[in-house]
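Engineer: Have a look at the structure that comes next, please.
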Amino acid sequence: MKAKLFYLLPIIVLTGIICMGTMPAYAAKIRVVATFTDLADFAREIGGDLVEVHSLATGVEDSHGVPMKPSFVPMMNRADLLVLVGLDCEHAFLPALIEASKNPRIEVNRAGYVDCSLGITPVDVPKTTEHYAGDVHPYGNPHYMLDPVLAKTAIANIYNALVEFAPQHKAEFTRNRDAYLAKLNAKITEWERETKPLKGLKFVSYHEHWPYFAARFGMDFFGTIELRPGIDPTPRHIEELIAAMKAAHVPIVVREPQFPEKVPKRIAEQTGATMVTFPVMPGGVPHTETYIKMMDYIVHTMVAAAQARK
Ligand SMILES: [Zn+2]
Ligand SMILES: [Zn+2]
């Protein structure tokens, strides 16, 4: 009897320690579905071993129209948390998907519906409620994630949702978040230093992805190839854009990988500008698998393109 207890005790004590430190192996992980790869990256950083994260987008998709896959509905049906950009960015695909997945945890206004735009003041909010057909920015520009300082609002929202869902793991989430924020803040300082030569640099892009990015780093977001968000350019708009770019000596054309290269390339050729291809979420082009790697890629490519012209 004594001998048995002698062997059992350490096992009981050890089990207790393991359970206190991390979730026991048999416990299910917190299931997070993120719409985009940047939000998935943040959820993995904050959640660590406690979460299992899936992203609907892989990074190359149009941020306003991620194509449906049969795997999405069961994935959303099992989700504990749904993490999204908000400001109607996902309007074209998410509401129908939430409806089809029949999961009350992640419905709008439930605790599992994690709108990362809470706390963001959007720019370019339309002044009237009357929208032209196809306008995909009805609540203002939703591409705040391309400003790494504003991206910290998304990090805060994801952290809060994880703590609310699993308060017993608050200490671990806090540790993970703080470690990641330390890394990100160091990178922001680096990016601010690296973009100093770009102050006032004018650039155009295909879609209105870049006003927050430009404001953060002191660049001049000159205009878009699209007529309006979600509306294809007309020949007249392209003609006017080319004339305005020539007059203002705009040196850079940004093409997002989800849009065809033909029109941006032609505009760059006709204005003497340099075309660069920038992802709008991690994975959009090779070597941009994480948010930090993506911002590194964008900043370094922009600096190199501007320097090559001098
Ligand atoms: Zn947009
Ligand atoms: Zn750098």
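Engineer: Please sort 67-79, 200-212 by packing, taking for each peptide the average over its residues of neighbouring beta carbons within 10 angstrom, highest first.
Structural biologist: The packing order, highest mean first, is 200-212, 67-79.
Engineer: What is the packing order of peptides 95-101, 220-226, 35-41, taking the mean over residues of other C-beta atoms within 10 Å and listing the highest first?
Structural biologist: 35-41, 220-226, 95-101
Engineer: Peptides 278-287, 295-304, 105-114: what's the order by average Cβ count within 10 Å, highest mean first?
Structural biologist: Final packing ranking: 278-287, 295-304, 105-114.
Engineer: So how tilted is helix 151-165 from the main axis of the chain? Cα-based, degrees 0 to 90, rounded to 10.
Structural biologist: Computed tilt is about 20 degrees.
Engineer: Taking square-rooted eigenvalues a ≥ b ≥ c of the alpha carbon gyration tensor, is region 168-253 rounded, prolate or oblate, where a/c under 1.5 means rounded and, failing that, a/b exceeding b/c means prolate?
Structural biologist: oblate
Engineer: Could you tell me which of rounded, prolate or oblate describes the chain, using a ≥ b ≥ c as the square roots of the eigenvalues of the alpha-carbon gyration tensor, with rounded for a/c under 1.5 and, failing that, prolate when a/b is larger than b/c and oblate otherwise?
Structural biologist: Prolate is the answer for the chain, as a/c is 1.5 or above and a/b outweighs b/c.
Engineer: Now for a separate question. Once you've got the GNM for the chain with C-alpha springs shorter than 10 Å, pick whichever of Lys29, Lys262, Lys196 has the biggest mean-square fluctuation.
Structural biologist: Lys262
Engineer: Please list 3J(HN,Hα) in residue order for region 294-302, calculated via the Karplus relation 6.51 cos²θ - 1.76 cosθ + 1.60 where θ = phi - 60°; whole Hz, with x for glycine and proline.
Structural biologist: With coefficients 6.51, -1.76 and 1.60, one gets 5, 5, 4, 4, 5, 5, 5, 5, 5 Hz.
Engineer: Here is a follow-up. About the Cα centre of region 106-196, what is the dipole size in debye to 20, counting +1 per Lys and Arg Cβ and -1 per Asp and Glu Cβ, all else neutral?
Structural biologist: Rounded to the nearest 20 debye, it is 400 debye.
Engineer: Using the Cα centre of the chain as the reference point, and only Cβ charges (+1 on K/R, -1 on D/E), how large is the resulting charge dipole? Debye, rounded to the nearest 20.
Structural biologist: 900
Engineer: Positive end of the dipole of region 50-204, charges at C-beta (+1 Lys, Arg; -1 Asp, Glu), about the Cα centre: which of Gly119, Phe173, Gly65 has its Cα farthest in that direction?
Structural biologist: My answer, from the dipole projection, is Phe173.
Engineer: Quick check: the distance between the Cα centres of region 143-201 and region 257-310, to the nearest angstrom?
Structural biologist: With region 143-201 and region 257-310 each reduced to a Cα centre, they are spaced 23 Å.
Engineer: Report, in deg cm²/dmol and to the nearest 500, the calculated mean residue ellipticity at 222 nm for the chain, where each DSSP H run with n ≥ 4 adds -39500 (n - 2.57) and the sum is divided by the residue count.
Structural biologist: -14000 deg cm²/dmol
Engineer: If you take the charge dipole of the chain about its Cα centre, with +1 on Lys and Arg Cβ and -1 on Asp and Glu Cβ, which of His287, Leu201, Ala27 is farthest toward its positive end?
Structural biologist: Toward the positive end, the furthest listed residue is Ala27.
Engineer: What does the accessible area per residue of region 136-252 come to in Å², with a 1.4 Å probe and no ligands, DNA or RNA counted?
Structural biologist: 43
The values are calculated or read from the model by the stated rules, or taken from the named source; none is laboratory data. Being a predicted model, the structure only gives us computed values, none of them experimental. So basically every Cβ, Gly included, is an ideal-geometry build from the backbone, and we count neighbours across all protein chains shown. Protein only, heavy atoms only, side chains kept; ligands, DNA and RNA dropped before computing areas. Shrake-Rupley method; radii C 1.70, N 1.55, O 1.52, S 1.80 Å.
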